[in-house]
Amino acid sequence: MASYIEILTGAKVAGARVAVVGAGGIGFDVAEFLVDDGHSAALDIDAWRREWGVGDPSVARGGVEGVKPRPSPPARQVTLLQRKASKPGAGLGKTTGWIHRAALKMKRVEMLAGVNYEGVVPKGLAISFGEKREKGTVLEVDTVVICAGQESLRELEGPLGESGRKPHVIGGASYAGELDAKRAIEEGSRLAASL
């Protein structure tokens, strides 16, 4: 078992089969990190074009005519789980949520909703579904990553204050529950304007 912070910082390395508990923004980001093995195609134009089926506009009409997506295989088998019965990712941003859902679908991430977490067992993660806790099963996974109950990471605040600097804490560092990019951007803009 690992927290999302341990996975993203490299303190722990996920196995080949991973259950991600929590399908909010952090859960989606961690799932994408895991299937890409930390190497985002968004930082490599040629890899990005292959993944999404976008060609050179000087060769392919509109950059898409005759071009098919060729996603690289996922680095891991990932299952993304949430307790809510709603569609995983329904609460993601209106303008970018579809991209996150499509990227994980492209990498064959299984998304399960209405899940009850029954416990970590020797073979993986025991789950059931719905209020009646039906269809109990065990997801055979090597690693369970917890992306729920976020906590603010403020480890720099103390040392900066002690060094005579006045840190400003905003966004997820200030309040990590239900991370909200719009709120964080607003806080950053207001802070920048006040400095």
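The values are calculated or read from the model by the stated rules, or taken from the named source; none is laboratory data. Everything numeric here is computed off the predicted structure, so don't read it as measured data. Don't worry about glycine lacking a Cβ; one is built from the backbone with ideal geometry, like all the others, and counts go over all protein chains shown.
Of all the listed residues (Ala23, Ala90, Ala75), the sole one being at pLDDT 90 or above, closer than 30 Å to Glu131 by Cβ and not hydroxyl-bearing (Ser, Thr, Tyr) is Ala23. For region 33-53, does any single residue satisfy the condition of being closer than 22 Å to Met111 by Cα and in contact with a strand residue (DSSP E or B) (Cβ under 8 Å, 6 or more places away or on another chain)? For region 33-53, residues closer than 22 Å to Met111 by Cα and in contact with a strand residue (DSSP E or B) (Cβ under 8 Å, 6 or more places away or on another chain): present. On inspection, Ser128 fails the criterion of being outside the structural domain of Glu6 (by TED's automatic domain parsing), more than 18 Å from the chain's Cα centre (by Cα) and among the hydroxyl-bearing types (Ser, Thr, Tyr). The single condition among (1) surrounded by 15 or more Cβ atoms within 10 Å (Cβ to Cβ); (2) of a type in the set (D, E, K, R); (3) out of contact with any Lys or Arg (no Cβ under 7 Å at 6 or more places or on another chain) that Arg50 does not satisfy is (3).
Here's the yes/no breakdown for (1) in the same structural domain as Glu140 (by TED's automatic domain parsing); (2) under 27 Å from Phe129 (Cα atoms); (3) part of a strand (DSSP E or B); (4) without any contact (Cβ under 8 Å) to a residue 12 or more places away in the chain:
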{"site": "Glu51", "(1), (2), (3), (4)": "no, no, no, no"}
{"site": "Ser58", "(1), (2), (3), (4)": "no, no, no, yes"}
{"site": "Leu80", "(1), (2), (3), (4)": "yes, yes, yes, no"}
{"site": "Ala102", "(1), (2), (3), (4)": "yes, yes, no, yes"}
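Residues in region 23-32 that are within 12 Å of Leu104 (Cβ to Cβ) and among the small types (Gly, Ala, Ser): Ala23, Gly27, Ala31.
Just one residue in the set Glu131, Glu65, Glu110, Glu118 is under 19 Å from Ser3 (Cα atoms) and surrounded by fewer than 19 Cβ atoms within 10 Å (Cβ to Cβ); that residue is Glu118.
Of all residues in region 135-157, those that are exposed (fewer than 12 other Cβ atoms within 10 Å of the Cβ) and at pLDDT below 85 total 3.
Inspection of region 42-49 identifies at least one residue that is part of a helix (DSSP H, G or I), basic (Lys, Arg) and under 30 Å from Ile5 (Cα atoms).
Here is a yes/no grid of residues against (1) over 18 Å from the mean Cα position of the chain (by Cα); (2) of a type in the set (Gly, Ala, Ser):
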residue	(1), (2)
Val13	no, no
Gly22	no, yes
Gly27	no, yes
His39	no, no
Ala42	no, yes
Ala47	yes, yes
Pro57	yes, no
Val67	yes, no
Ala85	yes, yes
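Could you please let me know if Ala85 is more than 24 Å from Lys182 (Cα to Cα), at pLDDT 85 or above, part of a loop (DSSP other than H, G, I, E, B) and among the small types (Gly, Ala, Ser)? It is true that Ala85 is more than 24 Å from Lys182 (Cα to Cα), at pLDDT 85 or above, part of a loop (DSSP other than H, G, I, E, B) and among the small types (Gly, Ala, Ser). Looking across region 57-86, the residues that are basic (Lys, Arg) and closer than 18 Å to Lys107 by Cβ come down to Lys68, Arg70, Arg76.
With Gly97, Gly89 as the choices, which residue is without any contact (Cβ under 8 Å) to a residue 12 or more places away in the chain, small (Gly, Ala, Ser) and in the same structural domain as Val13 (by TED's automatic domain parsing)? The conditions single out Gly97. Might you let me know whether region 30-37 holds any residue that is surrounded by fewer than 16 Cβ atoms within 10 Å (Cβ to Cβ) and farther than 19 Å from Gly149 by Cα? Yes, there is a match, as at least one residue in region 30-37 is surrounded by fewer than 16 Cβ atoms within 10 Å (Cβ to Cβ) and farther than 19 Å from Gly149 by Cα.
Do we find that Thr95 is of a type in the set (Ser, Thr, Tyr), under 29 Å from Asn116 (Cα atoms), outside any helix (DSSP H, G or I) and out of contact with any Cys (no Cβ under 8 Å at 6 or more places or on another chain) in this structure? The answer is no for Thr95.
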